[in-house]
Amino acid sequence: MLQNNTTAEITFALLQDRSHVQAKLFATVVWSLWKSRNLRLWQNVTETTTTILECARQLFANWRVVNGKKLQGGLAVVAVSNLMKNHTNNNLMCGARNN
């Protein structure tokens, strides 16, 4: 039950009945919204909703790859390097965002 309706309280209430994957997706969307807000505020760059959501999708996919590679030992560094190359070569603003 929500008591004070703080941001934390609302967020935890929203995530309470969600799967781990849905919670992680939510976190990447919130992160992408925050990054977009900072781009607009500090660099006067405006992103479309499509770009923000695509960046969140890419961040989530990259996170899953890197975390899967961590289980295999030293391959995580190679995976991160390859992901960063692919990420910055993307036509979207995601590469400039330094996720």
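The values are calculated or read from the model by the stated rules, or taken from the named source; none is laboratory data. Everything quoted here is computed from the prediction, not taken from an experiment. Counting neighbours? That spans all protein chains shown, and the Cβs are built from the backbone with ideal geometry, glycine included.
Laid out as a table, the results:
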{"read-out": "The range 11-36, residues that are at pLDDT below 85 and β-branched (Val, Ile, Thr)", "value": "Thr11, Val21"}
{"read-out": "Condition met for Thr7 (of a type outside the set (Gly, Ala, Ser), out of contact with any strand residue (DSSP E or B) (no Cβ under 8 Å at 6 or more places or on another chain), at pLDDT below 90 and exposed (fewer than 12 other Cβ atoms within 10 Å of the Cβ))", "value": "yes"}
{"read-out": "Count of the range 39-66 residues which are out of contact with any helix residue (DSSP H, G or I) (no Cβ under 8 Å at 6 or more places or on another chain) and loosely packed, with under 12 Cβ neighbours inside 10 Å", "value": "7"}
